[in-house]
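Quick notes on the structure that follows.
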Amino acid sequence: MILTATGITKHFGEAQSLTYALRDVSLSVDFGEMLYIVGPSGSGKTTLLSIISGILRPDAGRVVVKDRDIWSLDADSLAGFRLQTIGFVFQDYHLFPRLTALENVAIPLILRREPWGKCLADAGKMLQIVGLAQKQTLAPVKLSGGEQQRVAIARAIVAEPDLLILDEPTASLDGETGRKIVAFVKENILNEHRAIIIVTHDSRIYEYATRMIRMEDGRIVPGQEAVYEK
Amino acid sequence: MNGLLRIALKLLLNDRGKFATLVLGITFSAFLIMQMTSMFSGVLYQSSANIVNIGAKMWVMDPAVETPQNSIPMPDDVLDAVRSIPGVKFAVPLYVGAGLVKLRDGTYQSATIIGLDDATLFGRPKIIAGNILDIYKNNAFIVVKDSNYRMLGSPKIGTSFEINDHRAVIAALAHTSVPGLFGLPTLYTTYTRATQDMPSTRYMTSYILVQPKGAADIMPIEAAVKRLGYLALTDRQFVARNDNFYEYKTGMGTNILMMTLISFIVGLSIAGETFYMFILDNLAHFGALKAIGAKSTELIQMIMFQALVVGFLGFGFGVLLSSGLIAIAKIRIPNYAAMVTYGTLLLAFGMVGVISIFSSYIGIRKVTRIDPFDVFRG
Ligand SMILES: Nc1ncnc2c1ncn2[C@@H]1O[C@H](COP(=O)(O)OP(=O)(O)O)[C@@H](O)[C@H]1O
Ligand SMILES: [Mg+2]
């Protein structure tokens, strides 16, 4: 297993406004999986992603990623863990508008203190892989939504993370572009050394999942799990 | 350079509008601070001209004298009384006054007349043409060749004119290190001639210049002169008394201080506000960096670096602009008093430093508080 989460509980707010975003959720992800988490809005998908990727601390429960109990780490070690292990694709990309596509992609390598020239060279290769070799020097605003998404994906994978996390990656893309990107990710990035977790409620991309779980009201719905051909 | 700092620099430089506003705001502030403090330190420096140029160790004067720009004549017997104080190696009289010079072409020009003790010529200027001993010739005056020299029609040795209706002949040309504050030409002569030619009051001694036997004698001399009803100061004390006069008694210092503070506050608010907006604009991206795995200390470094860059640039431009302007003004106005000193540079540097630290502080506060989860949720 690349990831094992057990007994995760998380609430927000107090008294009147108290909501349980997650109630005793357990989840395991194996190497080579492309796991989909689906479910209605507000069911706790993003909260779960944040907790298993070391961004949001749970009230209770344990998250073990590659044999490390991540929530026992201090803040700096946790940041280091995210940098070394996780690749993030945020729902609204969060590319730096004042940096070029190339510099945006290089950021995880720069954070890893690799030499500047190597960061840019590797980022360039990555942009080539996602088909944007011609657009390296453009600012994100000069790119289409699908191209920005590909830049975000290139940034997420440039440092070769073990676990790639995408939250609603197709939400702001048209159907065709969304399908292309997810197909691309599955074909080019998924392998037996890593896993990919995608949160979505876009049924047009369901076909690429290797396994799918459904969340409702802060719980994983039992008996709704589906496993597909890899 | 560290890659993160490089990214920080790009984020800053590529936001041209804010970058320009930040640098201009700080430049403006540093410029104004430099202008005002340089002008003031120039005024202070030049107002002490006589003290520096004469170079006596101790000065005896009427207690009401605040600055060497003016003097209150003392009776002749004070000199004898001072000479008899133990610890006084020697004491000589000095005359400082204004004379009205009638030039060859019939026009009039005010000048500062300094009368040196006949026997010793103590406090004499550096002679650059002619001989100091020619000061003893009939009607001899030594003219100081400074920026005000041409007001006397650029006289040469042998040029003659009238001072207070007495004939005067230039016997030598001299140089002094500090120009006076009021832009008047300076003429040296002997004490005797000065006091004969400039009769105005009954008493003539403007100052008594004292050389103490040793440093230990200074305090007793000061006490003894005080008992005589006069004031004795070392040259440094006299400079300090003059500074104090301009700083507080004329209100100039207080005003300069207030205007400096206002420039500082204006710079602080422009830079602080713009930097805050810059951080707010980039806040979500800083949050994304945090989520990706940047440590808080790394984000703090980036922000401090950005603030430092604008601070240095603003300070540099401000100093360049202000010293350039002062240099140009000095060419056009020979007596322009402004003077860039280490003190004024240090003050401007300190104030720009505070602006940078304040700006980065508010940025750091914002950035360390963002929760990457909020960025993740969108
Ligand atoms: N920071 C927060 N403060 C308060 N409530 C929150 C916060 N984050 C999430 N929630 C609540 O937790 C629940 C789950 O949210 P989320 O994980 O974003 O759901 P999903 O991603 O499935 O749409 C929702 O009811 C949401 O309102
Ligand atoms: Mg969500």
Quiz item: Peptide A:70-82: average number of partner chain Cβ atoms within 10 Å per residue?
Solution: 2
Quiz prompt | When the protein assembly as shown is reduced to its Cα atoms, the Kirkwood hydrodynamic radius in Å | solution = 30.7 Å
Quiz item: In terms of the Cα gyration tensor, with a ≥ b ≥ c the square roots of its eigenvalues, is segment A:73-185 rounded because a/c is under 1.5, prolate because a/b exceeds b/c, or oblate?
Solution: oblate
Quiz item: Across the residues of A:102-111, average count of Cβ atoms on other protein chains within 10 Å?
Solution: 4
Quiz item: Angle between the Cα long axis of helix B:3-14 and the longest principal axis of chain B, 0 to 90 degrees, nearest 10?
Solution: 80 degrees
Quiz item: At a 1.4 Å probe, what is the % contribution of carbon and sulfur to the accessible area of segment B:1-47?
Solution: 68 percent
Exercise. With the Cα gyration tensor of segment B:37-174 in hand, give its eigenvalues times 5 under a square root as the equivalent ellipsoid semi-axes, listed largest first in whole angstrom.
Key: 27, 20, 15
Quiz item: So what's the angle, to the nearest 10 degrees on a 0 to 90 scale, between helix A:175-188 and the longest Cα principal axis of chain A?
Solution: 90 degrees
Self-check item: Inter-site label distance for A:Asp67 and A:Thr9 at 7 Å from Cα along Cβ, in nm
Solution: 3.1 nm
Quiz prompt | Solvent-accessible area, 1.4 Å probe, carbon plus sulfur percent, for segment B:75-229 | solution = 53 percent
Practice problem: Compute the semi-axes of the equivalent ellipsoid of segment A:3-227, taking the square root of 5 times each eigenvalue of the Cα gyration tensor, and list them largest first in whole Å. | Solution: 29, 20, 16
Exercise. Using protein chains only (no ligands, no nucleic acids) and a 1.4 Å probe, work out which residues of segment B:1-20 have their accessible area cut by at least 20 Å² relative to the chain alone.
Key: B:Asn2, B:Gly3, B:Leu4, B:Arg6, B:Ile7, B:Lys10, B:Leu11, B:Asn14, B:Asp15
Self-check item: Counting DSSP beta bridges with both ends in segment A:3-227, the antiparallel % (nearest 5)
Solution: 50 percent
Quiz item: Which FRET efficiency, nearest 0.05, do B:Glu273 and B:Lys249 yield, Cβ-Cβ r, R0 30 Å?
Solution: 0.20
Quiz item: How large, in percent, is the carbon and sulfur part of the accessible surface of segment A:170-214 at a probe radius of 1.4 Å?
Solution: 45 percent
Quiz prompt | Accessible area of segment A:95-200 divided out per residue, in Å², using a probe of 1.4 angstrom | solution = 38 Å²
Practice problem: Just the number, please: percent antiparallel of the DSSP beta bridges in the protein assembly as shown, rounded to the nearest 5. | Solution: 65 percent
Quiz prompt | Rounded accessible area per residue of segment B:145-186, 1.4 Å, Å² | solution = 46 Å²
Quiz item: Does a label point 7 Å from the Cα of A:Arg57, set along Cα-to-beta-carbon, have any residues of segment A:1-43 with amide nitrogen under 16 Å, and which are they?
Solution: A:9-13
Quiz item: What residue among A:Val182, A:Ser144, A:Thr200 has its Cα farthest toward the positive end of the dipole of segment A:3-227, where the charges are +1 on Lys, Arg and -1 on Asp, Glu, each on the Cβ?
Solution: A:Ser144
Quiz item: In terms of the Cα gyration tensor, with a ≥ b ≥ c the square roots of its eigenvalues, is segment B:186-257 rounded because a/c is under 1.5, prolate because a/b exceeds b/c, or oblate?
Solution: oblate
Exercise. Can you pull out the buried accessible area for chains B and A, both sides counted, probe 1.4 Å, rounded to the nearest 100 Å²?
Key: 2900 Å²
Quiz prompt | Crossing angle, helix B:252-292 versus chain B [Cα axis fit, 0-90 degrees, rounded to tens] | solution = 20 degrees
Practice problem: With a probe of 1.4 Å, find how much accessible area segment B:234-378 has per residue, and write the answer as a whole number in Å². | Solution: 49 Å²
Quiz prompt | In order through segment A:52-61: 3J(HN,Hα) via Karplus (6.51 cos²θ - 1.76 cosθ + 1.60), integer Hz, x for Gly, Pro | solution = 6, 9, x, 9, 10, 7, x, 5, 8, x
Exercise. Give the cross-link partners of B:Lys102 among the lysines, using a straight C-alpha distance below 22 Å as the criterion and excluding same-chain residues fewer than 8 apart.
Key: B:Lys137, B:Lys145, B:Lys156
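The values are calculated or read from the model by the stated rules, or taken from the named source; none is laboratory data. This one's a predicted model, so the numbers in the text were calculated from it and none came from an experiment. With ideal geometry, Cβ positions are generated from the backbone for all residues, glycine too; neighbour counts draw on all protein chains shown. In case anyone asks, the SASA skips ligands and DNA or RNA and just uses the protein heavy atoms, side chains included. Shrake-Rupley method; radii C 1.70, N 1.55, O 1.52, S 1.80 Å.
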